[in-house]
Amino acid sequence: MLTRKNKLLLYKLLSLFSVVRGYNILMITLAQYLASIFILSPDLPLSAVVLDINLFLIVTSSALVIAAGYIINNFYDAEKDLINKPTKSMLDRLVSQRFKLTTYFVLNFLAVFAASYISFRAVLFFAAYIFGIWLYSHKLKRYPFLGNMVSATLAIAPFFVVFVYYKNVETVIFVHALFLFLLILAREMVKDLENLAGDMAQNYRTIPVLYGATTSKVLITILIVLTALPSYLLITKFDIGLMYLYFLAVLLLLCLFLLLLWLSKNKTQYIWLHNIIKFIIVSGVFGILLIDLDLLLNRLV
């Protein structure tokens, strides 16, 4: 039987997990490792990748910075989230703003400390990454389209640093990156539609606030059509094993997404659209396993 004190501690831990979006960080960590194994270094033995201490430190630093980024974003969005996400906001408020800020600085310090064991360039990258997240949360997210672009760029940065580490410059990797970037950018713009009420109340100058929902839908439609292009190229021009099945399914889902986008008129419907894109991104992480089933089976055995 949990005591009142233990229950409060448990709720605070859940609150902190909610603030840093631990489930997202776990998915990003998994994606970095799977991309390293199956896309960036398919010729290396599994042990050489999994036991690579530098890769581990890169992934760890990325996770720490991302967690800190969610905290600072939550800090600046506290008032807006009371309108857009009242239930989650009440859970998040179980942890004080002072504790959140302390955790933010500690996580960033640990990230840079871990990066210092890799190289000075790694320290510079993660320091710039930390600054970029802070600048986005504090200022840039309030500007139309610029905030969306910066957010999408920051989202793919953890994969960029792994790509640089392995020095793999094959075209297929850039096409994968373009697909992910466009998809995340579309998701960010859907979130603006979803959060319209709070953005208006807090004077955020997003596209739906300034130009209306129809303009947002037109831009999202363009992004989704552009996203279909790298999907088509990956299916027809590159050897991606059975992952072509994933991209075929993506093309069908994107058609459904566009239909629902133009039928959607309220927050609940926009949340469904957001979840469709989230499902495509998350399933894509596991879809990496389909690139080379022989490689997967050999490495499991």
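The values are calculated or read from the model by the stated rules, or taken from the named source; none is laboratory data. On a predicted model such as this, the values are computed, not experimentally measured, just so you know. Glycine also receives a Cβ, built like all others from the backbone with ideal geometry; neighbour counts cover every protein chain displayed.
Each residue in the stretch 208-239 was checked for being over 18 Å from Ile276 (Cα atoms) and small (Gly, Ala, Ser), and 2 of them qualify. Pairs meeting the criteria (first residue in the stretch 145-156 and at positive phi and in the same structural domain as Val65 (by TED's automatic domain parsing), second residue part of a helix (DSSP H, G or I) and of a type in the set (A, V, I, L, M), beta carbons under 9 Å, at least 6 apart or on different chains) are Phe145/Met189; Phe145/Ile207; Phe145/Leu219.
For every residue, the table says whether it meets (1) touching a helix residue (DSSP H, G or I) at 6+ places or on another chain (Cβ under 7 Å); (2) modelled with pLDDT of 85 or more; (3) outside the structural domain of Met200 (by TED's automatic domain parsing); (4) aromatic (Phe, Trp, Tyr).
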residue	(1), (2), (3), (4)
Ile53	no, yes, yes, no
Leu57	yes, yes, yes, no
Ala63	yes, yes, yes, no
Gly69	yes, yes, yes, no
Ile72	yes, yes, yes, no
Glu79	no, no, yes, no
Ile83	yes, no, yes, no
Thr87	no, no, yes, no
Leu91	yes, no, yes, no
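In the set (1) farther than 13 Å from Leu193 by Cα; (2) at pLDDT 85 or above, Leu297 fails one condition alone, (2).
Matching residues to (1) surrounded by fewer than 23 Cβ atoms within 10 Å (Cβ to Cβ); (2) at pLDDT below 95:
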position: Asp192; (1), (2): no, yes
position: Met200; (1), (2): yes, yes
position: Val209; (1), (2): yes, yes
position: Thr221; (1), (2): yes, no
position: Tyr232; (1), (2): yes, yes
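For Tyr165, the criteria (1) modelled with pLDDT of 90 or more; (2) over 15 Å from the mean Cα position of the chain (by Cα); (3) closer than 30 Å to Met243 by Cβ hold in every case but one, which is (1).
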